[in-house]
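Student: Submitted below is the structure of interest, expressed as structure tokens.
No value in this document is a laboratory result; all are computed from the given coordinates. The structure presented is a predicted model; accordingly, all values stated were derived computationally and were not measured. Here the Cβ positions follow ideal geometry from the backbone for every residue, glycine too, while neighbour counts run over all protein chains shown.
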Amino acid sequence: MNFLAHCALADEASDLWQVDTKQHQGLLAGAVIADFTKGRINPLWPDALQAGIRLHRRIDAVSNQHPGIRTSCQRFPQSLRRFAPIFIDILADHYLSLSWQDYTKEDLGTFTPRCYQAITEYQQYLPQQGQSFATYMRETNLLGRYHDWTTIERALLFSLKRLGKEELGDDALLAAQQIAAAAAKDFPGYYTDFRQQLGNWSSLLTAK
């Protein structure tokens, strides 16, 4: 899952777990901040944020092993299969954005500002690169633009740049376009499965 899906799942988990406002903000912020943290979570960070990072990591762990995700990954040519999980994460945000009203009654235009507010509240815990990205995300309303295919293409190219594989850009864009319709059919199955599992993960609020 990429940023929009992580935020949406964190928001839904907040309702299921009936957390207070502070924890809700921490779960939303962790949905993004976790992408810029590796290894052991800093025990000095706010508990609410730590829980958000744990939720993000649990979703990633389940996603990496999910049969539906693997089916989507196999739609990419063998030469790109190694990076397919990253590509599918990005495409998932595209599919979620296009079908947003199927999963929530809240308008995407009111949801995204709540996410930016939560991220800003905890932005000081991001490394410099992450702080720059959080500012970019907020100023460009990135979470609200995943329905636009050009946003998906930029995200795909950016992911390859981070991996030092920019030479695969043209192939990745072409492959993503070619498999997009088929992979869209996989999305409801695995995303619904993630949503159904959220209720079993409330122990993440206090796990260390």
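Student: Quickly estimate the mean residue ellipticity at 222 nm for the chain, helices only: each DSSP H run with n ≥ 4 gives -39500 (n - 2.57), and the total goes over all residues, rounded to 500.
Tutor: Only helices count here, giving -22000 deg cm²/dmol.
Student: Moving on to the next point. What's the local net charge at PRO127, with K and R +1, D and E -1, over the other residues with C-beta under 12 Å away?
Tutor: 0
Student: What are the ³J(HN,Hα) couplings of segment 104-121, residue after residue, when phi is run through the Karplus curve with 6.51, -1.76, 1.60 and θ = phi - 60°? Round to Hz, x for glycine and proline.
Tutor: Using θ = phi - 60°, the values come out as 7, 8, 6, 5, 4, x, 9, 6, 4, x, 5, 5, 4, 4, 5, 4, 4, 4 Hz.
Student: Output ³J(HN,Hα) for segment 79-86: one whole-Hz value per residue in order, computed from phi by the Karplus curve 6.51 cos²θ - 1.76 cosθ + 1.60 with θ = phi - 60°, and x for Gly and Pro.
Tutor: These are the phi-based 3J(HN,Hα) values: 5, 10, 4, 4, 9, 4, x, 5 Hz.
Student: Ok, one more. Find, among the GluC sites (Glu not before Pro) in segment 143-208, those assigned to loop by DSSP (not H, G, I, E, B) with at most 15 other beta-carbon atoms within 10 angstrom.
Tutor: Filter output for segment 143-208: empty list.
Student: Roughly how many debye, to the nearest 20, is the charge dipole of segment 51-133 about its Cα centre, given +1 on each Lys and Arg Cβ, -1 on each Asp and Glu Cβ, and no other charges?
Tutor: 420
Student: Tell me, what ³J(HN,Hα) does each residue in segment 22-32 have, in order and in whole Hz, if you take phi through Karplus 6.51 cos²θ - 1.76 cosθ + 1.60 with θ = phi - 60° and put x for Gly and Pro?
Tutor: Per-residue couplings from phi come out as 4, 5, 4, 4, x, 5, 5, 5, x, 4, 9 Hz.
Student: Quick one: Cα centre-to-centre distance for segment 151-208 and segment 1-60, in angstrom?
Tutor: 17
Student: Another one. Output the relative contact order of segment 97-208, whole-number percent, from Cα pairs under 8 angstrom with separation of 6+ residues.
Tutor: Relative contact order here is 18 percent.
Student: In debye to the nearest 20, how big a dipole does the chain give about its Cα centre with +1 on each Lys and Arg Cβ and -1 on each Asp and Glu Cβ?
Tutor: Once rounded to the nearest 20, the dipole reads 620 debye.
Student: Which order, highest average first, do 115-124, 141-150 follow once you tally other Cβ atoms within 10 Å for each residue and take the mean per peptide?
Tutor: 115-124, 141-150
Student: If the viscosity is 1.306 mPa s and the temperature 10 °C, what Stokes-Einstein diffusion coefficient in µm²/s follows for segment 55-182 when Rh is the Kirkwood radius over Cα pairs?
Tutor: The calculation lands on 99 µm²/s.
Student: Cross-link list LYS22/LYS161; LYS38/LYS165; LYS22/LYS105: which exceed 30 angstrom alpha carbon to alpha carbon?
Tutor: LYS22/LYS161
Student: OK, next. Arranged by the count of other C-beta atoms within 10 angstrom, fewest first, what order do VAL32, VAL19 take?
Tutor: Ascending Cβ contact count within 10 Å gives the list VAL19, VAL32.
Student: Take the Cα coordinates of segment 159-204, assign each an equal point scatterer, and use the Debye formula without solvent to give log10 I(q)/I(0) at q = 0.14, 0.20 Å⁻¹.
Tutor: -0.60, -0.76
Student: Say the dipole of segment 1-122 comes from +1 at the beta carbon of Lys and Arg and -1 at that of Asp and Glu; which of GLN101, LEU55, PHE83 then lies farthest toward its positive end?
Tutor: The listed residue farthest towards the positive side: PHE83.
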